[in-house]
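Accompanying notes for the structure given below.
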Amino acid sequence: MNWVLIALLAVPLAGAVVLLAPSKPDAAARGRLLRIHGMAVSGIAFALSVVLAAGFDYGAAARVQFSTDLAWATGLDLRFHLGVDGISLPLVVLTTLLTFLCFVYLCWGRADGPGQLLCSKTGGNRPRALVFTLLILEVGMIGTFLALDLLLFFVFFEVVLIPMYFVIAIWGGRGRRAAAIKFILYTLLGSVVLLLGLLLIWAQTGTLDMIALARGQGTGMSRAVQITAFLAVGLGLAVKSPMWPLHTWLPDAHTEAPTVGSVLLAGVLLKMGTYGFARIAIPILPGGAAAVAPWLGAFAVIGIIYGSLACLAQRDLKRMIAYSSVGHMGFVLLGFATLTPVGMNGALFGNIAHGLITGLLFFIVGAIKERYGTADIPALGGGMLARLPHLGSLLTFACIASLGLPGLAGFWGEMLALLGAFQPAEGLSRSLYLTFMAVGGLGTVLTAAYFLVMLSRVTHGRATETIQAPVLAAVGGGGGSGPVVKRGAGAARMPDVTGYELAAWVPLVGLILLFGLWPKALLLVTDPVVQTLMGAP
């Protein structure tokens with residue numbers, strides 16, 4: 001079944017290339033064709049990932065499976081080396097699922113809703129360009145999680161930047177260009193430092209093979225070299241994660257991106273940074289990881305508290321969720337910083353949980369913005385549960401999942417990360433990590449506070465007498481508010497959750513419940529790899 005990995009990359013790439021062929025159908029035909037094409041290509045990619053998961057040998061999850069190793073640049077000994085194990089498999093499935101659900105949300109949307117991205121003048125009349133951009137983005141995201149060669153990993157890691165830049169810059173809100181430039185500058189500068197770290201590893205070891213490097217656990221590199229390489233690689237990955245204080249591109253990017261851009265940015269792109277810690281930085285540079293881990297833990301818990309306090313101060317729903325990602329990814333980084341199997345498993349679990357929950361949150365906020373014409377919390381008023389009971393209920397569910405309620409997916413990653421900090425790896429200061437655990441625990445309280453405060457203002461209470469007229473904000477991302485209308489007229493024009501929205505959101509709700517009630521389903525996949533990478537007996 002080695003062909004599956006090649007097909008996972010080839011299908012969206014071929015789907016994008018087909019769109020380069022010139023054609024001039026009328027607007028209605030173009031919209032229909034693009035709806036079919038985007039959903040079909042992303043659906044095939046998702047089906048391939050399901051085939052991959054079904055054929056995976058879960059009894060040998062620590063072993064790289066379906067390996068494809070081809071000569072790429074013989075003179076430099078570069079290999080097109082792909083493979084999947086228990087760490088990368090969940091992320092590949094998550095990537096294809098979220099991409100497919102984004103196309104479902106776009107393509108089945110109403111003519112006056114997100115579907116206008118594919119059949120009207122929204123986005124500068126570039127519906128073909130949007131489908132092309134999202135498919136190229138999917139190629140880069142999948143390739144990052146499949147690559148087993150350091151340089152190939154870097155190539156795929158960089159492929160995603162340009163498509164996401166255009167998604168924000170062309171189909172985003174009023175401040176889209178500034179947000180897109182900030183995004184590309186931060187991530188490109190981080191990538192330069194990452195490349196230097198990867199080249200240093202290559203120069204010292206003579207190989208780019210991730211499997212051989214992880215098996216060697218720093219062989220051929222002195223402690224000083226490992227620390228230097230870890231700092232360079234870790235800094236590049238921390239920008240994408242993002243880790244405080246390198247996070248400042250994220251709120252603007254999320255606020256201005258269209259709904260599908262925010263979903264993929266939060267659900268997948270941030271995971272590429274944290275995946276790099278699990279796949280490259282920690283197993284390949286154990287000496288550097290041990291030296292830098294306390295600093296990584298300190299920045300992680302600062303990010304947890306900072307993100308929570310920033311959320312309490314936000315008026316915009318999208319911006320609040322963006323800052324919540326800084327806090328949630330802080331728990332992921334704290335889990336890595338413990339250098340224990342428990343903490344690593346917590347970080348990997350938190351990765352998947354955050355992708356599901358925050359992806360759902362951005363979908364829902366996009367729908368709210370489409371209906372109300374704004375994401376400003378005071379302007380939304382209260383009483384959403386009375387006015388739009390299904391939408392308000394789904395927002396409540398996603399928020400309590402994000403704050404870490406036991407029984408939902410968000411709980412396990414944070415709990416395991418804190419548990420790992422309770423007993424860190426040998427050689428790390430237990431008193432310091434107990435402090436990290438206490439600060440992280442305070443962060444969970446603050447997380448509950450800002451979500452509950454937001455829900456009390458938006459979903460509860462009496463509906464205000466005036467609301468914003470619906471505009472296509474879910475399409476434009478950061479568009480402004482519409483004119484104020486009377487409550488009765490506004491309510492009549494605002495439908496509750498629609499069929500296409502349920503089709504895009506129900507799979508995420510189901511997986512949040514599944515992993516919350518049965519965490520073993522995910523831990524059985526990641527734990528064997530973690531035990532191997534950490535050198536556990």
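The values are calculated or read from the model by the stated rules, or taken from the named source; none is laboratory data. Given the structure is predicted, the values throughout are model-derived calculations rather than measurements. Methodologically, a virtual Cβ is constructed for each residue, glycine included, from the backbone with ideal geometry; neighbour enumeration extends over all protein chains shown. Heavy atoms of the whole protein, side chains included, go into the accessibility calculation; ligands, DNA and RNA do not. Shrake-Rupley method; radii C 1.70, N 1.55, O 1.52, S 1.80 Å.
Among all residue pairs at least 6 apart or on different chains, which show Cβ distances below 6 Å where the first residue, located in region 257-285, is farther than 12 Å from N351 by Cα and among the small types (G, A, S) and the second is outside any helix (DSSP H, G or I) and modelled with pLDDT of 90 or more?
The qualifying pairs do not exist here.
Tell me whether region 173-186 contains one or more residues that are of a type outside the set (K, R), farther than 24 Å from L135 by Cα, in contact with a Ser or Thr (Cβ under 9 Å, 6 or more places away or on another chain) and open to solvent by less than 50 Å² (accessible area, probe 1.4 Å).
Yes, because at least one residue in region 173-186 is of a type outside the set (K, R), farther than 24 Å from L135 by Cα, in contact with a Ser or Thr (Cβ under 9 Å, 6 or more places away or on another chain) and open to solvent by less than 50 Å² (accessible area, probe 1.4 Å).
Which condition does G288 not pass, out of (1) modelled with pLDDT of 90 or more; (2) crowded, with 24+ Cβ neighbours inside 10 Å; (3) closer than 26 Å to L446 by Cβ, if it passes all the others?
(3)
Kindly indicate whether any position in region 307-321 is crowded, with 22+ Cβ neighbours inside 10 Å, within 14 Å of the chain's Cα centre (by Cα) and in contact (Cβ under 8 Å) with a residue 24 or more places away in the chain.
Yes, region 307-321 has at least one match.
Looking at L265, is it closer than 29 Å to T374 by Cα and not in a loop (DSSP other than H, G, I, E, B)?
Against the criterion (closer than 29 Å to T374 by Cα and not in a loop (DSSP other than H, G, I, E, B)), L265 qualifies.
Can you name every one of the helices (runs of 4 or more DSSP H) wholly within region 369-459 that holds 1 or more residues which are open to solvent by less than 30 Å² (accessible area, probe 1.4 Å) and at pLDDT 90 or above?
Values: elements: 377-380, 384-387, 389-402, 409-422, 430-458.
Here the list reads 389-402, 409-422, 430-458.
Go over the candidates V233, V225 one by one and state the one that is open to solvent by 10 Å² or more (accessible area, probe 1.4 Å), at pLDDT 90 or above and not in a loop (DSSP other than H, G, I, E, B). Even if it seems obvious, please write down each step before you answer.
On the way: V233 fails: open to solvent by 10 Å² or more (accessible area, probe 1.4 Å).
Result: V225 is the single residue among V233, V225 that is open to solvent by 10 Å² or more (accessible area, probe 1.4 Å), at pLDDT 90 or above and not in a loop (DSSP other than H, G, I, E, B).
One line per residue, one yes/no per condition, for (1) aliphatic (A, V, I, L, M); (2) within 30 Å of D316 (Cα to Cα); (3) crowded, with 23+ Cβ neighbours inside 10 Å:
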{"site": "L200", "(1), (2), (3)": "yes, no, no"}
{"site": "G206", "(1), (2), (3)": "no, no, no"}
{"site": "G216", "(1), (2), (3)": "no, no, no"}
{"site": "T219", "(1), (2), (3)": "no, no, no"}
{"site": "P258", "(1), (2), (3)": "no, yes, yes"}
{"site": "S262", "(1), (2), (3)": "no, yes, yes"}
{"site": "G276", "(1), (2), (3)": "no, no, yes"}
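In region 38-95, what count of residues is obtained for those that are over 23 Å from the mean Cα position of the chain (by Cα), assigned to a helix (DSSP H, G or I) and under 21 Å from L356 (Cβ atoms)?
Total satisfying the criteria: 2.
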